[in-house]
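To start, the structure under review is shown below, and the notes come after it.
The values are calculated or read from the model by the stated rules, or taken from the named source; none is laboratory data. Since this is a predicted model, take the numbers as computed values, not measurements. Cβ coordinates were reconstructed from backbone atoms using ideal geometry, including for glycine residues, and neighbour counts include every protein chain displayed. With ligands, DNA and RNA removed, areas are computed over all heavy atoms of the protein, side chains included. Shrake-Rupley method; radii C 1.70, N 1.55, O 1.52, S 1.80 Å.
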Amino acid sequence: MLQGIDVSNWQGTVDWAGHAEAGVAFAFAKATEGGDYTDKWFGRNWTGMRESWLVCGAYHFARPKGDPVEQARHFLGAIRSAGGLRRGDLVALDLETNDGLRPEQVARYARRWCHHVERHGGVRPFIYTFHAFARGGHCAGLAEYPLWIASPESPRGNPPVPRPWRDWTIHQYANSPIDRNVFHGTRHELTKLGFHPR
């Protein structure tokens, strides 16, 4: 299994070379949240991952009350500003708050965000979520997108899988002192799920 981490502005300066030497093969960095927030560390993290030869991932923290298309544009714009997508780069939608909306509204938001990113970014997003949220119906219609499941209470690489998915793709198995993930497969298999220039 490939080892990965994920980071946001909460981590501050990340020693990417050190993580790479310790066996980390892939990483996700927070890029954006909602329609106008960009993580101030994203550009530095994106460059650091790239320079350390990690499989690069960017994620957007979903604010379902907002306009999904506006948020997807904001996310893709932040990646462009940081240097853009290259072959094998990964993207993800962090779906863990409902902003007070009903589950079907959250799921509709997520589907529209994903469709926009697929159409205009040329890459299929992962969905990052956790069991109770998925079980509540907030992820309806998202089974075609690879599941990045947050389940730190489960043994590494053995998380239970919530509907609508049948299998997991990335398991976040620890979140202290840093979020740690595993991908069940090779680097080549992981990058096949990423961006491919048309």
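Ser176 passes every criterion in (1) under 15 Å from the mean Cα position of the chain (by Cα); (2) open to solvent by 60 Å² or more (accessible area, probe 1.4 Å) apart from (1). For region 120-141, the tally of residues that are touching a helix residue (DSSP H, G or I) at 6+ places or on another chain (Cβ under 9 Å) and without any contact (Cβ under 8 Å) to a residue 40 or more places away in the chain stands at 8.
Could you tell me whether any residue of region 33-48 is touching a Leu at 6+ places or on another chain (Cβ under 9 Å) and under 19 Å from Arg87 (Cα atoms)? First the steps, then the outcome.
Taking region 33-48 and keeping what is touching a Leu at 6+ places or on another chain (Cβ under 9 Å), we get 48.
Now drop any that are not under 19 Å from Arg87 (Cα atoms), which leaves 48.
Looking for residues that are touching a Leu at 6+ places or on another chain (Cβ under 9 Å) and under 19 Å from Arg87 (Cα atoms), one finds at least one in region 33-48, hence yes.
The condition of being among the polar types (S, T, N, Q), in contact with a Gly (Cβ under 9 Å, 6 or more places away or on another chain) and touching a residue at least 40 places away in the same chain (Cβ under 8 Å) holds for only one of Thr47, Thr38, that being Thr38. Taking each residue of region 176-198 that is more than 14 Å from Val55 (Cα to Cα) and in contact (Cβ under 8 Å) with a residue 24 or more places away in the chain and looking for partners that are of a type in the set (A, V, I, L, M, F, W, C) and part of a loop (DSSP other than H, G, I, E, B) with beta-carbon atoms closer than 8 Å, six or more apart or interchain, yields His184/Met1; His184/Trp168.
Which of the strands (runs of 3 or more DSSP E) contained wholly in region 134-198 include at least 1 residues that are polar (S, T, N, Q)?
On the way: elements: 147-150, 170-174, 179-183.
The strands (runs of 3 or more DSSP E) meeting that bar are 170-174, 179-183.
Go over the candidates Pro125, Pro155 one by one and state the one that is open to solvent by 50 Å² or more (accessible area, probe 1.4 Å) and either farther than 28 Å from Leu85 by Cβ or not small (Gly, Ala, Ser) (or both).
On the way: Pro125 fails: open to solvent by 50 Å² or more (accessible area, probe 1.4 Å).
The conditions single out Pro155.
Is it true that some residue in region 100-123 is within 23 Å of Trp16 (Cβ to Cβ) and in contact with a His (Cβ under 8 Å, 6 or more places away or on another chain)? Yes; the residues of region 100-123 include at least one that is within 23 Å of Trp16 (Cβ to Cβ) and in contact with a His (Cβ under 8 Å, 6 or more places away or on another chain).
Beta carbons closer than 7 Å, at least 6 apart along the sequence or on distinct chains, pair a first residue in region 1-21 that is farther than 13 Å from Cys56 by Cβ with a second that is open to solvent by 50 Å² or more (accessible area, probe 1.4 Å) for Met1/His184; Leu2/Arg187; Asn9/Lys40.
All told, Phe130 falls short of being buried (at least 16 other Cβ atoms within 10 Å of the Cβ), in contact with a Phe, Trp or Tyr (Cβ under 9 Å, 6 or more places away or on another chain) and farther than 21 Å from Val69 by Cβ.
Quickly run through region 82-107 and pick out the residues that are closer than 29 Å to Glu189 by Cα and either out of contact with any Phe, Trp or Tyr (no Cβ under 9 Å at 6 or more places or on another chain) or in contact (Cβ under 8 Å) with a residue 60 or more places away in the chain (or both).
Initial filter on region 82-107 (closer than 29 Å to Glu189 by Cα): 82-96, 107.
Once the filter is applied, which keeps residues that are closer than 29 Å to Glu189 by Cα and either out of contact with any Phe, Trp or Tyr (no Cβ under 9 Å at 6 or more places or on another chain) or in contact (Cβ under 8 Å) with a residue 60 or more places away in the chain (or both), region 82-107 yields Gly84, Leu85, Arg86, Arg87, Gly88, Asp89, Leu90, Val91, Ala92, Asp94, Ala107.
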